[in-house]
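Below is one structure, written out as structure tokens, with a few remarks after it.
Read-outs throughout are calculated quantities, based only on the coordinates presented, and are distinct from any laboratory measurement. No experiment lies behind these values; they were computed from the predicted model shown. A quick note on method: Cβ atoms are made from the backbone with ideal geometry, for glycine too, and the neighbour counts reach across all protein chains shown.
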Ligand SMILES: [Zn+2]
């Protein structure tokens, strides 16, 4: 398996739009602000639907999303295998997912 450099829906890849698999276009978390660093996007550069202030933030966001998404995918796959039944590895999966997302939110706000 080869690993191409991260690209976005806004970045044409070899004459076509890169789609990151089956991910539908994502709306900005907050219009006019970067989804990664949370800073305001330069108003003179802003275009509707823009999610990042620069290519570094875009690349870093996709790296983070890929890693975090893999963790969530794993949790959900375990849950699906066991349907969350007590006494199985699937028990408590949604609590673990919620705790994980809370931890990421704290980390993203600059906490530990
Ligand atoms: Zn940014």
Point to revise | Condition met for residue 51 (farther than 22 Å from residue 97 by Cβ, touching a helix residue (DSSP H, G or I) at 6+ places or on another chain (Cβ under 8 Å) and within 16 Å of the ligand (Cβ to nearest atom)) | key: yes
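Yes or no, residue by residue, for (1) part of a helix (DSSP H, G or I); (2) surrounded by 10 or more Cβ atoms within 10 Å (Cβ to Cβ):
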{"position": "72", "(1), (2)": "yes, yes"}
{"position": "86", "(1), (2)": "no, no"}
{"position": "89", "(1), (2)": "no, yes"}
{"position": "98", "(1), (2)": "yes, yes"}
{"position": "103", "(1), (2)": "yes, yes"}
{"position": "107", "(1), (2)": "yes, yes"}
{"position": "110", "(1), (2)": "no, no"}
Practice item. Collect the residues in region 77-92 that are within 30 Å of residue 36 (Cβ to Cβ) and in contact with a helix residue (DSSP H, G or I) (Cβ under 7 Å, 6 or more places away or on another chain), keeping them in residue-number order. Key: 78, 79
